[in-house]
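Everything below concerns the one structure shown next.
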Amino acid sequence: MPEPEAPSQPVAPVSPQLFAYLATDPVAELLGIVFEEIHPGYARARMPVTHRLLNAPGTAHGGAMMALIDVVHAAVSNSHGTLAVAQDVHTEFLSAGTVGDVLMCAGEEISRTQRTAVYRIDVHAVGRPSHPDGKLLATALARVFRIGTPLPIEPSAVLESS
């Protein structure tokens, strides 16, 4: 299964100020998570699997993958420039990552109302010779409560997509 692509309809990326705000996360920095793309309703980041992210059996730790999902969930759910907080994340682990994998995580908004939103977030291992299009390792369905408070960046910096 190929990795999720950015939304098919042309959507302008968020402003550089909002991108910087959403991509600045101490946990992301600690784990080596780097954002590649953020649009209203879409976010994609990558994380290399190093020996420090392994569990006892020697595969990518589920907690590290959950942290990647959570960081992307935070970015995609706040990508409209207003505060949203997680209510639920249901994750299915489908396969294990290994040292040397790059985990590509993409989150896409599938429903948004005034007060709630739901996202699908997938994690793929990319760059494996046996799976050149990316092997699906985990998938999550995540829900937020949209508080609606503007994020603390300059209001003119946010591209609000409605």
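At q = 0.16, 0.23, 0.35 Å⁻¹, what base-10 log of I(q)/I(0) does the Debye formula yield for the range 41-81 when every alpha carbon is treated as an equal point scatterer in vacuo? Taken in order of the listed q values, log10 I(q)/I(0) reads -0.46, -0.73, -1.15. Using every pair of alpha-carbon atoms in the chain, split the distances into 5 Å bins beginning at 0 and state the percent of pairs per bin, rounded to integers. That works out to 2, 10, 20, 22, 21, 13, 8, 4, 1, 0, in percent per bin.
Extension gain, residue 51 to residue 12: 0.36 nm times the residue separation minus the Cα-Cα distance gives 10.4 nm. Between residue 29 and residue 82, the modelled labels are 3.0 nm apart [label points 7 Å from Cα along Cα→Cβ].
Measuring nothing but how far apart in sequence close Cα pairs (under 8 Å, 6+ apart) lie, relative to its length, the chain scores a relative contact order of 28 percent. Label-to-label distance, residue 141 versus residue 118, with points set 7 angstrom from Cα along the beta-carbon direction: 0.6 nm. Among 37, 29, 108, the residue with the largest mean-square fluctuation in a Gaussian network model of the chain, with springs joining Cα atoms closer than 10 Å, is 29. Sorting the segments 65-72, 136-143 by their residues' average number of neighbouring beta-carbon atoms within 10 angstrom, most packed first, yields 65-72, 136-143. Rounded to the nearest 500, the 222 nm mean residue ellipticity of the chain from helices alone is -5500 deg cm²/dmol, with -39,500 (n - 2.57) taken per DSSP H run of at least 4 residues.
If the chain linking residue 93 and residue 133 were pulled fully straight, counting 0.36 nm for each residue of separation and taking away their Cα-Cα distance, it would gain 12.5 nm.
Here, each number is a calculation from the coordinates, and none is a lab measurement. The model shown is predicted, which means the values in this text are computed figures rather than measured ones. Cβ atoms come from the backbone with ideal geometry, glycine included; neighbour counts cover every protein chain shown.
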